[in-house]
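The values are calculated or read from the model by the stated rules, or taken from the named source; none is laboratory data. Treat the numbers as computed from the prediction; the structure is a model and nothing was measured. Every residue, glycine among them, receives a Cβ derived from its backbone with ideal geometry; neighbour counts consider all protein chains shown.
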Amino acid sequence: MKKIALIAFIALWGVSAVGQEYDWHHVEMDGTRTGTSSPSKDNVAEAVGTFKGGKYIAPNGKVFKKRSTVGRTASIVLDAQPAMSRVKDVIGYSTESMVVEYPESALSNWFIDILMARTEELAGRKVDVGIGNFGGIRIDMPQGDIILDDMLSMFPFKNQLVYVEHTGKQIRSILEEMAAGRFQVLGGVRVVAENGRLVSAEIAGEPIDDEKVYGLATISFLLTGGDGLSLADNALSVTVFENEDIIDAVLAFVNAETAAGRPIEYKKDGRVIVKGDRRRN
C-alpha cells in the first residue's frame, strides 16, 4: 500500500538562524485512491490535486465532494502548503545518498565533523574529539537536491552544542565504556575494539596521553545520561552554547557549501573499527 507522509510544519524564524523553534505533526495516509504524492514547492496541484466548483479533483482524475472525508483531508493539506513552502526550499545538493550505519558511516562522520568545527569556533579553543549519537540522526541524506525539510527532519532535536574539557585518561575511559557496549558517533579519533574491549585509541594520529587535557565537542543530550553517556562526569570544564543547536550548525555549513558552489559529499575513513562480537555491528 502506497504511503504518503504528510508533515504539518510550523517554523518560527528569528532575525538570524540562531534560536529557531519548530514542531511538526506526522500522519501517514493511504494515497492509492487519489494518486497523491508528497508535494514539492512547485508541484502542489500535480501532487495533491485542486478544488473546482465545490469538488476536489485528485491527481489521478477522480472527483470527490468537497465535504467528503477525502475532500476535507485534501483541503487541510492544500491549506497547509503556503506555510510549508519555506521548508521546501532547495538549500544544497548531495552527490550521493548517505545512510546511517554502525559503527561508522559517511553521514555520521559528516555530522560530527561539522559539530567539531562549529564548537571550536564558538569556544575559541581547540576541539580534539567529537562525540554525538546515532539516534540523533533521524533520516538518511538523499541524493540530489536537498531541501530545508530534509535537514530539519534529519536533526529534529533541540540539543545544544557543548564544549567539554577532559583528561586523556577520562577520554580513554569513555571509549572503553563504549567498546564494552556500543560506540556512538565519533570524530577526531581512530579506535579499534574487539570482543567488547578497546584495543587501541588515537587522537589526531597519536596515542591518547592520559595526562593531557583534550577539548571535546558534544551535545547537551549526552551530558547527563543520554544514550547511556554522562560526558559531564569528571569533566574539567563544561560550556553549553545555549543559542546554538545541532540544526543551526548543520544549516550554516550546508548554506556555506552551497554559496561556495560545493556539493555535499563525505566518506567513511575507518575511524571506528569493531571486530569480533557481531552483535555490536
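Mind telling me which of the residues Glu165, Glu120, Glu176 ends up being part of a helix (DSSP H, G or I), in contact (Cβ under 8 Å) with a residue 60 or more places away in the chain and either buried (at least 19 other Cβ atoms within 10 Å of the Cβ) or among the acidic types (Asp, Glu) (or both)?
None of the other options fit; the residue is Glu120.
Ile273 - would you say it is surrounded by 13 or more Cβ atoms within 10 Å (Cβ to Cβ), modelled with pLDDT of 95 or more and touching a Ser or Thr at 6+ places or on another chain (Cβ under 6 Å)? It would help to see each step written out before you state the result.
Working: surrounded by 13 or more Cβ atoms within 10 Å (Cβ to Cβ): yes; modelled with pLDDT of 95 or more: yes; touching a Ser or Thr at 6+ places or on another chain (Cβ under 6 Å): no.
Answer is no for this residue.
Step by step: first the residues of the stretch 134-153, then only those that are part of a helix (DSSP H, G or I) and touching a residue at least 40 places away in the same chain (Cβ under 8 Å), then the one that is farthest from Asp227 (Cα to Cα). Which residue is that?
Looking at residues that are part of a helix (DSSP H, G or I) and touching a residue at least 40 places away in the same chain (Cβ under 8 Å), I get Leu148.
For a quick check of your reading of the model, give me the residue pairs whose first member lies in the stretch 92-106 and is in a loop (DSSP other than H, G, I, E, B), whose second is surrounded by fewer than 18 Cβ atoms within 10 Å (Cβ to Cβ) and of a type in the set (A, V, I, L, M, F, W, C), with beta-carbon atoms closer than 9 Å and at least 6 apart or on different chains.
Correct list of pairs: Val100/Ile139; Pro103/Ile273; Glu104/Ile273; Ser105/Val99.
Applying the selection to the stretch 179-199, what residues are among the polar types (S, T, N, Q) and surrounded by fewer than 15 Cβ atoms within 10 Å (Cβ to Cβ)?
Hit for the stretch 179-199 is Asn195, nothing else.
For Ser85, work out the one condition from (1) within 29 Å of Pro39 (Cβ to Cβ); (2) over 15 Å from the mean Cα position of the chain (by Cα); (3) at pLDDT 95 or above; (4) not acidic (Asp, Glu) it doesn't fulfil.
(3)
Please work out which one of (1) of a type outside the set (Asp, Glu); (2) not assigned by TED's automatic domain parsing to the domain that holds Lys41; (3) not in a strand (DSSP E or B) is the condition Leu78 fails and give its number.
In the conditions (1) of a type outside the set (Asp, Glu); (2) not assigned by TED's automatic domain parsing to the domain that holds Lys41; (3) not in a strand (DSSP E or B), Leu78 misses (2) alone.
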